[in-house]
Amino acid sequence: MKDKIIDNNDFMFEDIIIDTAQGEEPEFLPIISVTDEEEPSQDEKYPEVLPVIALKNTVLFPGVVIPINVGRNKSFKALQESFQKHRYIGVLTQVDSKVEDPGVADLFKIGTIARIIKLLKMPDGSTTAILQGRKRFELGEMVSNDPYLLGKVLPIEYRPLSDQIQFSALVKSMREKSKRIIELSPNIPTESIMMIRNITNNIFLINFIASNLNINISSKQGILEDNDLVSKGSSVLQHMDKELQLLEIKDQIESKTRSDIEKQQRDYFLNQQLKTIQEELGDSGSGMDIEELVRRADKKKWPKHAREAFNKEVSKLRRINPQMAEYSLTLNYVEFLLDLPWEKFSKDSFDLKKVKEVLDKDHHGLEKVKDRILEHLAVLKLKGDMKAPIICLVGPPGVGKTSLGRSVARALKRKFVRMSFGGLHDESEIRGHRKTYIGAMPGRILQSIKRSKTSNPVFILDEIDKIGKDFRGDPSSALLEVLDPEQNDTFYDNYLELEYDLSRVLFIATANSISTIQPALRDRMEIISISGYSTEEKVEIAVKHLIPKQREAHGLKGFGVRISRPVIQYAIMHYTRESGVRALDRVIAAIMRNVAKKVAMDNVTQYTVTKEALVEMLGPEKFQMDLYHEVDIPGVAIGLAWTAVGGDILFVETSQNEGKGKLTLTGNLGDVMKESATTALSFIKANAADLNIDRDRFDKTDIHLHVPEGAIPKDGPSAGITMLTAISSSLSGRRVKPYLAMSGEITLRGKVLPVGGIKEKVLAARRAGIKEIILCAENEKHVKEIKKEYLKGLTFHYVKTMKEVLEIALV
């Protein structure tokens, strides 16, 4: 057994109660000497030779009482010998506590003479000695080493105090610091403050505090050996200062930590209460369990970088208090990661014939778009993998651009999503917000992909020409990455903060005009123009799609409702004026409502809609179509015009009277039409001889050119040859050929240039009863695109020069 000191290593000893051997009463040991004195009384004498014991890990100071557990045989014999004779023993501290059998060289030379208060036999068979320090001594020569250490002791006195006031102030400071240290130390009872106050002997106070300082053995030994009381007290005070600083810092840290823990405990307690209440109410809360998220992730197939991001965020989620705001932000992000359809694709339908049947069934016409979709599918079928095209459908409202996207998705057996860009002016709507912001959300592109649950849906970008732009950014610039096949396989969303592959998405943009689309964005898309429907096409659409749809919508599926094609055409020409079929759909809906009322009130089982019934249902005609009527006077020619709601014929009227060669233009004409009229007159003046017109007439005649329906603004170059013909007819006195219309731009050199909107113009001419049409030779290819059944009864004259026009047009 080793000698062991029972020491709590705190600043102050607590009261010690030692259990005695069986049959003895427990004894209370005071912490200080009974006499409360550091020095012995004057009549206390010590033998010159005393047994000596070695202490391993403490230093005994005069006046201080300590219990020691006796382990060495030599120490036990020395204690027994002294206890039986005079009860005094020399106590020295080992220089190195690891030495098991110390000799003189292993001990400090200065120690303390102790009085053995009691020897106790413990229940485990060991012996405990209660010692009280009495007087410092210096070890002289060693008398004996066996059976225990025995040596001469030389008592040591302190040097007289030179400054009593300084020593008193020093002691007072020690008392105050002792009080503060006791207050900050949780292991020292507050009663120790009273005990310190009751110590009246200043030297004993220094020894007592030094004995209980939490410092190393060599420092304590240095304090014991110091003979100058002021120096001794200063050393103790210095160590107390260090101890106090540590305790104050520790108290600050614990106080802050305690407040944080108390808040967390309070939040946890309230959260548990809330959870219990929710369970009682049958509501377990909306938060998804983290383990459930992990289980879903294990079953999910996704790229490596997405998996790493998920694991990182879940790890963070486990460490966050559920009551903190960051918890819900991180949870939303993790759920969004899981909900995205990483590498999940729907299987395309490669039965091209069936796809064509579906497209033809859903939409009449739009052949270019259908062919482009079939081409893409054919390549996919042969190659197996291909980046989807970015298609932009440009055309007037109501021609079926948006519904075509839904039809394409149905034909390909893909999911369909639609995003409207009308009025969009925030870039974050495309790219999302950074998730550090409160209320951050991913962009609508990825939200739509998440909603579709596949990474290759048909994605309609509706009204892309109506994107706004302001201080919040330019969404059209953000779309450059989305709609670029070379970039969109690494699309970056600010909220997701990961790259996402959009290359398999079939984007179909729709627009009414490409003029407002940013050039760089327009360059990335494959533009397919969709012209307005002709009356004939509208009739077919009504028969195949609109009438069956409205019949079912109004509960008339089992009733015989007959509407003939002439009646439908009458409704189109006199109750609608549009490029698409939305107004026609509303007209048919109004017809069905009237029929439904008759079925419900009059119990009819079938009903035939006639023109008279149509006027009764819809009221008077809203629009009048311009029909050709033969003109017997010179100076009137018929042009062909394109409008947003289809084609129309245009009468150009010219008159002349005496004047000074002034040209007057009326009819709400735009700048381009005015310039065309001026160009036509200049050409006629330059070629007057060839046209058999007297050159002198130009200086004596004012010419007035008028286009009827002056309330409607008119502009464009296509009326050039019509104005030329009308002015030439007026000046030459030759009538324009009947049932003839024309369209083309003119130049001063006498050339005829091509114009647009040929399909609408030709169909308008046919409806108006025109039989012959003059067009630029380069427009012949556009006429060939029109179905032959729409061209029956029409004769086309293709010209290159203005003289050819006049040769054909003037009788």
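The values are calculated or read from the model by the stated rules, or taken from the named source; none is laboratory data. These numbers come from a predicted model, not from an experiment. Heads up, the Cβs are rebuilt from the backbone with ideal geometry, glycines too, and the neighbour counts pull from every protein chain shown. Areas reflect the complete protein model, heavy atoms only, side chains present, ligands, DNA and RNA absent. Shrake-Rupley method; radii C 1.70, N 1.55, O 1.52, S 1.80 Å.
Can you tell me which residues in region 167-191 are among the charged types (D, E, K, R), over 60 Å from the mean Cα position of the chain (by Cα) and open to solvent by less than 90 Å² (accessible area, probe 1.4 Å)?
Residue satisfying the conditions is Arg175 alone.
From the list Ile563, Ile568, Ile541, which one is β-branched (Val, Ile, Thr) and touching a strand residue (DSSP E or B) at 6+ places or on another chain (Cβ under 6 Å)?
Unique residue meeting the criteria: Ile563.
Could you list all residues from region 103-148 that are of a type in the set (Gly, Ala, Ser) and in contact (Cβ under 8 Å) with a residue 12 or more places away in the chain?
Those that are of a type in the set (Gly, Ala, Ser) and in contact (Cβ under 8 Å) with a residue 12 or more places away in the chain: Gly103, Gly111, Ala114, Ser126, Ala129, Gly133, Gly140.
Go through the residues of region 312-333 one by one and say whether even a single one is of a type in the set (Ser, Thr, Tyr), out of contact with any Phe, Trp or Tyr (no Cβ under 8 Å at 6 or more places or on another chain) and within 29 Å of Arg504 (Cβ to Cβ).
No, there is no match, as no residue in region 312-333 is of a type in the set (Ser, Thr, Tyr), out of contact with any Phe, Trp or Tyr (no Cβ under 8 Å at 6 or more places or on another chain) and within 29 Å of Arg504 (Cβ to Cβ).
Pick out, from region 474-557, the helices (runs of 4 or more DSSP H) lying fully within it that include 2 or more residues that are farther than 23 Å from Glu427 by Cα.
Helices (runs of 4 or more DSSP H) meeting the threshold: 535-541, 547-553.
Exactly one of these conditions fails for Trp342: (1) assigned to a helix (DSSP H, G or I); (2) open to solvent by less than 20 Å² (accessible area, probe 1.4 Å); (3) more than 30 Å from Ser529 (Cα to Cα). Give me its number.
(1)
Starting from region 432-449, take each residue that is touching a residue at least 60 places away in the same chain (Cβ under 8 Å) and list its partners that are open to solvent by less than 10 Å² (accessible area, probe 1.4 Å) and among the small types (Gly, Ala, Ser), counting only C-beta distances under 8 angstrom and pairs at least six apart or across chains.
Gly432/Gly443; Ala440/Gly432; Pro442/Gly432; Leu446/Gly432; Ile449/Ser455
Among the residues of region 767-786, write down those that are crowded, with 19+ Cβ neighbours inside 10 Å, closer than 19 Å to Gln569 by Cβ and in contact with a Ser or Thr (Cβ under 9 Å, 6 or more places away or on another chain).
Hit for region 767-786 is Arg767, nothing else.
Could you identify the single residue in Thr725, Thr664 that is touching a Leu at 6+ places or on another chain (Cβ under 9 Å) and surrounded by fewer than 13 Cβ atoms within 10 Å (Cβ to Cβ)?
Thr664
Looking only at region 215-235, filter to residues that are part of a helix (DSSP H, G or I) and among the β-branched types (Val, Ile, Thr); which one of those is surrounded by the most Cβ atoms within 10 Å (Cβ to Cβ)?
Ile223
Which helices (runs of 4 or more DSSP H) does region 718-786 wholly contain that include 1 or more residues that are touching a His at 6+ places or on another chain (Cβ under 9 Å)?
Because the criterion is at least 1 residues that are touching a His at 6+ places or on another chain (Cβ under 9 Å), the helices (runs of 4 or more DSSP H) in region 718-786 that meet it are 758-768.
Checking Ser476 against (1) among the hydroxyl-bearing types (Ser, Thr, Tyr); (2) open to solvent by 20 Å² or more (accessible area, probe 1.4 Å); (3) farther than 23 Å from Lys347 by Cα: exactly one of these is not met. Which one?
Among (1) among the hydroxyl-bearing types (Ser, Thr, Tyr); (2) open to solvent by 20 Å² or more (accessible area, probe 1.4 Å); (3) farther than 23 Å from Lys347 by Cα, Ser476 violates only (2).
Take Gln164 and decide whether it is polar (S, T, N, Q), surrounded by 13 or more Cβ atoms within 10 Å (Cβ to Cβ) and at pLDDT 85 or above.
no
Quickly run through region 599-637 and pick out the residues that are of a type outside the set (Ser, Thr, Tyr), open to solvent by less than 100 Å² (accessible area, probe 1.4 Å), farther than 30 Å from Ala809 by Cα and touching a strand residue (DSSP E or B) at 6+ places or on another chain (Cβ under 6 Å).
Val609
Among residues belonging to region 236-267 that are touching a residue at least 40 places away in the same chain (Cβ under 8 Å) and within 36 Å of the chain's Cα centre (by Cα), point out the one that is least open to solvent (accessible area, probe 1.4 Å).
Asp267
Is at least one residue of region 405-418 in a helix (DSSP H, G or I) and open to solvent by 20 Å² or more (accessible area, probe 1.4 Å)?
Within region 405-418 (the criterion being in a helix (DSSP H, G or I) and open to solvent by 20 Å² or more (accessible area, probe 1.4 Å)), the answer is yes, since at least one residue qualifies.
Considering only residues that are modelled with pLDDT of 85 or more, among the polar types (S, T, N, Q) and either under 16 Å from Glu138 (Cβ atoms) or outside any strand (DSSP E or B) (or both), which ones fall in region 86-100?
Thr93 - this is the single residue of region 86-100 that is modelled with pLDDT of 85 or more, among the polar types (S, T, N, Q) and either under 16 Å from Glu138 (Cβ atoms) or outside any strand (DSSP E or B) (or both).
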